[in-house]
Each structure stands twice: as structure tokens, then as C-alpha cells.
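Down below is the structure, laid out as C-alpha cells.
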Amino acid sequence: MGMGNATSAAYGTRRLLPRPPRIPLPDRLPHLLPELALLVAVQAVYKYGRKVANGHTEEAFHHADHVWSFERAVHLPSEHSVQQLLLHSHTLVHTANYLYATVHFPAMLLFLGYMFVRRRAHYLWIRRAIVIQTMLALLGHLLFPLAPPRMLPGDGMIDTAAVYGPAVYGKPETHSMANQFAAMPSLHVGWALAIAVGLIASHRSRWRWLWLLHPLLTMLVVVGTANHYWLDCIIGSLLLGLALSLVPGPTPGLSPTDSHPWVWPLRREPPRQGAAAPRGERSLLRRAVSVLGGAWGHLPGEALGENCASSPPPAGGPGGASRAEVRGRTELPLSDGGDPRHVRG
């Protein structure tokens, strides 16, 4: 009795204690991990590639002179005039420097996270384009080192971050991870345009076109702070267009839950004519044919399910029964408590 009472008391105590809340893991977590691994790998390759491309000082300044002369030859507006408008207000300068230093990478992370959670059909499309755009930009840094306008002594532009703050770069050093000679192309503008394109394509609001203000403002910021030329912004935008032309378009229903979701450019094609039906469709078809087969009394349902293209039951003869006989068998009342084994036929 004592042991039974102790067991009952322990069981009652265990029932009185509240159960710890269950924290369900998101069902998309297994598909989020390979996405994070891919994005981290792309970022690591890009950062390392910028470091490898660092140190070409003479070549970078030589290219800068050519870019400056080319822009004046095609009558692009001077970057100096944009910076002069910015220098009229210390608040504008500080704001522009702050936007250049803090918005670029966090905005891309927030955008990809939002697209992964809320716009799955468009996420794969725009993420593939961004990865290709970033890798193409890395090739530009490797093949065309370019000093930004703030480093040119004769263009009249100043380094607004160094003068007014907050500063992002220090003195150019060959061992630094931040390659200051990687002005061509501008990923600040390229990524901002990718964010705008992704949000515009995935929404239907008439106000969605206002997202184009993001790359426009970013372009004014990077030019006004003397970190990029107009040509850098143009090439960065063209790289996005090239990437979008290489990837499959957004497909409704296609999401990272599908097989091989993050491998580019693989995409599942619709089944061709004559191909086997998916497993779920086969099971539904087998079930439907099983019902018909039971009504016909011709073949077992499972056999008909395996042979979807079966012929209708014969009208009569030694090997079959007429429709009237089949109808008569199926309309006989059940006896012995409704046991189908005692059906007379």
C-alpha cells in the first residue's frame, strides 16, 4: 500500500507540474541551412578575391584617369558637381557617409530573408541572379583595378568620410581585406537595384515602383561621397541585367523545398507526354480504378490500378459477364448481418 501511495503521489505531482513549452522548429529550417552555407561561401570567395586583387596601385590610378576622361568625352555629368551639392549641408554629408557605411550589406540580408520567408517563388530567381552578379563583379575587380574619385588629386573631389565621418576606409594597404581599388563595378548600386527588382517583381501593388528610389539614392550617395564613378554604377546595373538573362524566371510553386533548390541553373521541367505519373497521382488513380473494377466485377482493383490503360469489360461470353449480370450481382441485398462474403452471385 505504501509503495502504491508513493507512486500515485509522484504521478499526481508530475501531472500538476506544467509541461515545458514546445518550441516547434520551422519546417523550412532544413532548407535554410544550405542557403546560408551558399551565401556565406559566396561572400567568403568575394572577400578573398578582393584581397587577391589588391595592391595594383599604379594600374588602378592609370585606369582612373581613363575612366574620368571617357566620362567627360561622352558628356556624363561631373561627379564633382554632385558632391558640391552634398557639401552644402553637414547633415547631408554625415547622412550620406552613414548610408554608405551601414546600409549596403544589412539591406541585402534583410531582403533575402524576407524573400525566403514570404516570396518563395521569386526567392530562387533573384538569389541566383545576385550570386552571378557578385561573381561577375569579382572578375571586374580582378581584371580592372580602379582607384575611386576620392583618390584622384586633380579632379577636385574630397574624401567626405575621412573629412566629416564616419570613416570606412583607412590608408590603402595591400594586405587589407578592404580593397579600395575595387571601384569597378559598384555593387552598392548593383545590389540596391537587385533589391528593387526583386520586390517589384514579387508584389502587385501600384506603389511597388517606388522601390526604384533605393538604387537611385544609393547611386547619388556613392557618387557624392566620391567612392564611385558614374560608369561604376552603370556597369554594376548591367551585370544584374546579364545575370537575370542567364537564370530561369520565377516559377509559381517552385521553392527551396523542391529537390536541388539552390543549384543553378537546374530546374525541374514539366513531365513529358507518356512519362509515368507521380506517386501521389498513381495512388489516386489506382483507388479510382479499384472502385470501378469492383463495380464491373471484371478484374481485381489492384490489377487494374497497375494497368491504367485497361480495356472495358467484355459484353459477354465464356470469359466474362454481361452488364445486366454484373448489375444483378451488385444489386443483390446482403444477408447474414451484411457480411459481403455471403453475397449470392
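The values are calculated or read from the model by the stated rules, or taken from the named source; none is laboratory data. Just so it is clear, the model here is predicted, and its values are computed rather than measured. Using ideal geometry, Cβ is built from the backbone for each residue, glycine included, and neighbour counts are taken over all protein chains shown. Note: accessible area is taken over every heavy atom of the protein model, side chains too, but ligands, DNA and RNA are not part of it. Shrake-Rupley method; radii C 1.70, N 1.55, O 1.52, S 1.80 Å.
Look through segment 189-229, keep the residues that are open to solvent by 30 Å² or more (accessible area, probe 1.4 Å) and under 26 Å from residue 51 (Cα atoms), and return whichever of them is nearest to the chain's Cα centre (by Cα).
Among those residues, the one meeting the criterion is 193.
Look through segment 103-139, keep the residues that are crowded, with 21+ Cβ neighbours inside 10 Å and either of a type in the set (Ser, Thr, Tyr) or touching a strand residue (DSSP E or B) at 6+ places or on another chain (Cβ under 8 Å) (or both), and return whichever of them is nearest to residue 163 (Cα to Cα).
Among residues in segment 103-139 that are crowded, with 21+ Cβ neighbours inside 10 Å and either of a type in the set (Ser, Thr, Tyr) or touching a strand residue (DSSP E or B) at 6+ places or on another chain (Cβ under 8 Å) (or both), the one nearest to residue 163 (Cα to Cα) is 134.
Could you list, in sequence order, the residues of segment 215-235 that are of a type in the set (A, V, I, L, M) and outside any helix (DSSP H, G or I)? Lay out the reasoning, then the answer.
Residues of segment 215-235 of a type in the set (A, V, I, L, M): 216-217, 219-223, 226, 231, 234-235.
Matches in segment 215-235: 226 only.
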